[in-house]
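To start, the structure itself, in structure tokens.
Nothing in this text is a laboratory measurement; each read-out follows from the coordinates by a stated rule. The structure presented is a predicted model; accordingly, all values stated were derived computationally and were not measured. FYI the Cβ positions are ideal-geometry reconstructions off the backbone, even for glycines, and counts take in every protein chain you see.
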Number of protein chains: 2
Amino acid sequence: MRIAGVMTGTSFDAIDVALCDIEQKGGRDAVSLFAFTSVPFSEQTQDLLAQSQQANASLEELSDLAFALAREYADAITAVERQHNVHADAIAIHGQTIWHHPPLSTWQIGNGSALSAMLGRTVISDFRSADVALGGQGAPLVPIFDHATICDNRLHRIALNIGGMANVTIMPPSCSLDSLIAFDTGPGNVWIDAGARLTFGKKFDNNGSIAQAGRVITPMLAEMKTLPYFAAEPPKSTGRELFTLKEAQRLITKYSHPSSPLEDVVTTMTELSAWSIADHVMRYAPATQEIIVSGGGSQNSFLMERIALLLEENHSPAQLVVHQHWQEKEAMAFAYLGYLTLMGRPGNVPYVTGASRMAILGSVSRSVVL
Amino acid sequence: MRIAGVMTGTSFDAIDVALCDIEQKGGRDAVSLFAFTSVPFSEQTQDLLAQSQQANASLEELSDLAFALAREYADAITAVERQHNVHADAIAIHGQTIWHHPPLSTWQIGNGSALSAMLGRTVISDFRSADVALGGQGAPLVPIFDHATICDNRLHRIALNIGGMANVTIMPPSCSLDSLIAFDTGPGNVWIDAGARLTFGKKFDNNGSIAQAGRVITPMLAEMKTLPYFAAEPPKSTGRELFTLKEAQRLITKYSHPSSPLEDVVTTMTELSAWSIADHVMRYAPATQEIIVSGGGSQNSFLMERIALLLEENHSPAQLVVHQHWQEKEAMAFAYLGYLTLMGRPGNVPYVTGASRMAILGSVSRSVVL
């Protein structure tokens, strides 16, 4: 089955479309990527998205945004299909998260039925609601994809994604779905980006070049390590509501002296991410042999180096490997989740999300041309 | 197939649940009702719904409302199933319309995927989006149900629903879907209710007893008849945005003299509804023999009498008949629309809605227990 996975992250900048072939091979699901594109949102939709984050978005703005996103998705999918002269059988959209507050509710905006009508194609949408309705966190949902594509028969592996936050899926050899452990380790790029922005006015620390030039501010790192999130036992998940820009600013103001180089702030933030990742690996998966890294953080070679060194210092045998599809992985994961839904198979892992049971995720719209 | 149709109207007061058996009989769909209940919304949800209509509902309120509605629907369905000791195979929900502005967007809030997870049942939701995405009005959607259940082999029939607005589906004998004519004739109860409230402080004119005691204010009726909506050609649709409480108030203030009985206002409003219905029948379906009336207005015997008399005065052969399921019909229609979606059949009638093509409506969530 050929499915387009459509993912848009919390930075509201672009639509990732991953066209995947998904099939069963020897009792296992095989997901292969054959086309990918990342299309920037139109300015109008970016404005609508930014407005939606205001406390007082109107019903009109939100209703129009759901349809506007469908149109943007339709255009992005059509573009990548034309470019590669292919055609997806179905489309799985994550939608744009504008509210996520389990166990009460979650909201990924983007109208699946409208998109289905626009393209005359089957669309799967709203993947997180069922898990939240069952008392789960509605996240993470990628572990079932990690299990299908990264779990090895002989190696102890971890799938590590370093986006705004960092998360791991821990997979002993041939592990079953119900023995998976997956959780957020804490900040990924979020506070590194904050540091780069607040000190150098840069959007992010390209390849870790700022951090590489500085030194760790020891008392600042020590204070950050005391955040209760790090010591808490999984399952656990976090987000920008804990690792806020405001808190980053407070820490920077408190610890950066006028005489010390500005780089030190970014170095310290990078060290926090590296430490929290390595520490969780040591605590929960000391036997890990390979860590397959995806997300923007996999391209920060200084961060990667620091994680590797911290593991080595702790006698971990784990090697870091950049995922072949470090950029495409999340969109591929949603293509796979859409496939599972169409096959009538569950997509959530209750032990990981905290849901009371497995569930077939999402809603399927089949407004095909008749 | 046993499907629960769940309908909630614009008055935010109750959830109508119609449990229907739907099957094909001799090439035609047969829909039979075997249980119905109307459950009042909880006060909390009514408050949330009222807040959602404010310009500035927060993302949190709207996200929570979508899940709260799912919970209310789940409770209502469970209640009617226990009461009648039955079990629906699937549930079709209309959701609560909080924004409807074709061709840009439409929004029926109420999370189908969450409801599916809560009940472990297949849920069909969001019936209007596909039609709007195809350039249609997303309404009316009931005509395909009228066609299946009311169209006769020999008789010229009209299905007339008198809710807040009044609408007709015109069906010559054995008519095909693409020869259906359906549109809103104008106000149903909306201005009668407004009159009853503004003059007597009553929610509605029970059985037309107020109107029956008064006389038509001729210049007021004459002014109202000049509203361009009445002369416009179908397809056309209207709502409370045209027939506002404010405009009703203006007309009442202008035409009711301190010396004349207050009843006259309600009589005049009733006459406007009766005239606009009868006039459209004469203009677009003079051969009509039977008018099958549903909705709250079918229980206003004075209104029904006036429609019948106006038709008779114009030599129409049409007889008014109250629909066997005058109260349950809308919820039954959505059970049928859900059935069509599950069967992979379209639910919209493009000539009626203005959509560019037929479409399988809605989204299907199958978060069943595995």
- Tell me which residues come under 5 Å, amide H to amide H, from A:Phe36 once H is placed; ignore anything under 5 positions away on its chain. A:Leu19
- Note on the structure: So, relative contact order of chain A in percent, Cα under 8 Å, 6 or more apart, is 22 percent
- Query: In what sequence, highest mean first, do B:202-213, B:275-286 appear when ranked by Cβ atoms within 10 angstrom?
  - Reply: B:275-286, B:202-213
- Expressed in angstrom and ordered largest first, the alpha-carbon extents of the range A:57-118 along the principal axes are 42, 26, 17
- Note on the structure: Of the residues A:Thr45, A:Val168, A:Ser365, the Cα lying farthest along the dipole of chain A towards its positive end, which is defined by charges on the beta carbon of Lys, Arg, Asp and Glu, belongs to A:Val168
- Go through the range B:190-206 residue by residue and turn each phi into a ³J(HN,Hα) via Karplus (6.51, -1.76, 1.60, θ = phi - 60°); whole Hz please, and just put x for glycine and proline. 4, 7, 5, 4, 4, x, 5, 6, 6, 9, 10, x, 9, 5, 7, 8, 4
- Ellipsoid equivalent to the range B:143-322 - semi-axes via the Cα gyration tensor, in Å: 29, 16, 14
- Message: Net charge around B:Asp264, counting only other residues with Cβ within less than 15 Å of its Cβ (Lys, Arg = +1; Asp, Glu = -1)?
- Response: -1
- Item | Built amide H within the under 5 Å cut-off of B:Ser294, gap 5+ | B:Leu160, B:Asn161, B:Ile162, B:His323
- Message: Placing +1 on the Cβ of each Lys and Arg and -1 on the Cβ of each Asp and Glu in the protein assembly as shown, which of B:Ala278, B:Gly136, B:Tyr339 has its Cα farthest towards the positive end of the resulting dipole?
- Response: B:Tyr339
- aspartates and glutamates with Cα under 12 Å of A:Lys329, excluding same-chain neighbours fewer than 8 positions away: A:Asp16, A:Asp146
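Charges only on Cβ, +1 for Lys and Arg, -1 for Asp and Glu: so what's the dipole of chain A about the Cα centre, in debye to the nearest 20?
Details: 25 positive and 36 negative charges, 81 e Å.
In debye, rounded to 20, chain A gives about 380.
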- The lysines whose Cα lies under 17 Å from the Cα of A:Lys254, excluding any fewer than 8 residues away in the same chain, are A:Lys225, A:Lys246
- Message: If you take every residue apart from A:Glu223 with its C-beta less than 13 Å away from the C-beta of A:Glu223, what net charge results, scoring Lys and Arg +1 and Asp and Glu -1?
- Response: +1
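When N is the residue count of the range A:70-180, what does its C-alpha Rg come to as a fraction of 2.2 N^0.38 Å?
On the way: Rg = 16.9 Å, N = 111, 2.2 N^0.38 = 13.2 Å.
My calculation over the Cα atoms of the range A:70-180 gives 1.28.
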- Query: From the phi of every residue in the range A:262-273, what ³J(HN,Hα) in whole Hz does the Karplus formula 6.51 cos²θ - 1.76 cosθ + 1.60 yield, where θ is phi - 60° and glycine or proline is x?
  - Reply: 4, 4, 3, 4, 5, 4, 5, 5, 5, 5, 4, 5
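State, as an integer percentage, the relative contact order of the range A:11-72 based on alpha-carbon contacts under 8 Å between residues 6 or more apart.
Over the range A:11-72, the number comes to 30 percent.
Let me check I have the definition right: for the protein assembly as shown, take the eigenvalues of the Cα gyration tensor, multiply each by 5, take square roots. What are those semi-axes in whole Å, largest first? Working shown, then result.
Working: eigenvalues 649, 152, 90 Å².
One finds semi-axes of 57, 28, 21 Å for the protein assembly as shown.
Given the alpha-carbon gyration tensor of chain A, what are the semi-axes of its equivalent ellipsoid in whole angstrom, ordered largest first, with each equal to the square root of 5 times an eigenvalue?
Three semi-axes, in Å: 34, 25, 19.
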- Message: 5 Å is the cut-off here: which amide hydrogens, built 1.01 Å from N in the peptide plane, fall below it relative to A:Lys202, excluding neighbours closer than 5 in sequence?
- Response: A:Arg197
- Query: How many partner chain Cβ atoms sit within 10 Å of a residue's Cβ in peptide A:127-139, on average, as a whole number?
  - Reply: 4
- Pseudo-label separations to other copies for B:Ser259 - Cα-to-Cβ vector, 7 Å, nm: 9.8
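So what's the net charge close to A:Met358: Lys and Arg +1, Asp and Glu -1, counting the other residues with Cβ under 10 Å from its Cβ?
On the way: positive: A:Arg345, A:Arg357; negative: A:Asp131, A:Asp178.
Net charge around A:Met358: 0.
Hey, got the dipole for the protein assembly as shown? About the Cα centre, +1 on K and R Cβ, -1 on D and E Cβ, debye to the nearest 20? Before the final figure, lay out the partial values.
Working: 50 positive and 72 negative charges, 91 e Å.
Approximately 440 debye in magnitude.
What percent do you get for the relative contact order of the range A:1-117 when only Cα pairs under 8 Å and 6+ apart count? List each step's numbers first, then the result.
Numbers: 184 pairs, mean separation 35.1, N = 117.
Relative contact order of the range A:1-117: 30 percent.
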- Query: If you count, for every residue in B:58-67, the Cβ atoms of partner chains within 10 Å of its Cβ, what is the mean?
  - Reply: 6
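Compute, for the range B:288-370, the length of the dipole vector about the Cα centre, with Cβ point charges of +1 (Lys, Arg) and -1 (Asp, Glu) only. Units Debye, rounded to 20.
Numbers: 5 positive and 6 negative charges, 117 e Å.
Magnitude of the dipole: close to 560 debye.
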- Tell me, what HN-Hα J-couplings in whole Hz come from the Karplus equation 6.51 cos²θ - 1.76 cosθ + 1.60 at θ = phi - 60° for each residue of the range B:92-101, using x for Gly and Pro? 10, 10, 6, x, 9, 6, 10, 7, 9, 9
- Item | Relative packing of B:345-358, A:299-312, which averages over residues the other C-beta atoms within 10 Å, highest first | B:345-358, A:299-312
